[in-house]
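A short write-up of the structure that comes next.
The values are calculated or read from the model by the stated rules, or taken from the named source; none is laboratory data. Remember, it's a predicted structure, so these values are computed and weren't measured experimentally. As a convention, Cβ positions derive from the backbone with ideal geometry for all residues, glycine included, and neighbour counts pool all protein chains shown.
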Amino acid sequence: MKRKRAIALKYDRYEDPAPRVVAKGEGKIAERIIEIAREKGIFIKKDPLLADLL
């Protein structure tokens with residue numbers, strides 16, 4: 001079974017030329033990244049292929 005992975009991106013169209021990776025983790029760290037995103041109402045997209053590329 002694959003471990004859970006999470007990657008957090010930040011993008012401000014006025015400040016950033018492209019989205020930036022600001023957090024990345026597997027297992028317990030990924031679970032915490034997802035938990036924080038949910039608490040803050042941040043959009044979560046499940047995309048394993050994109051996660052592999054990042």
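Observations on the model:
- Among the residues of segment 37-54, the ones that are assigned to a loop (DSSP other than H, G, I, E, B) and either modelled with pLDDT under 90 or surrounded by 10 or more Cβ atoms within 10 Å (Cβ to Cβ) (or both) come to 4 in all.
- When residue 4 is tested against (1) at pLDDT below 95; (2) surrounded by fewer than 14 Cβ atoms within 10 Å (Cβ to Cβ), only condition (2) is not met.
- Looking across segment 8-36, the residues that are surrounded by 12 or more Cβ atoms within 10 Å (Cβ to Cβ) and of a type in the set (A, V, I, L, M, F, W, C) come down to 8, 9, 23, 29, 30, 33, 34, 36.
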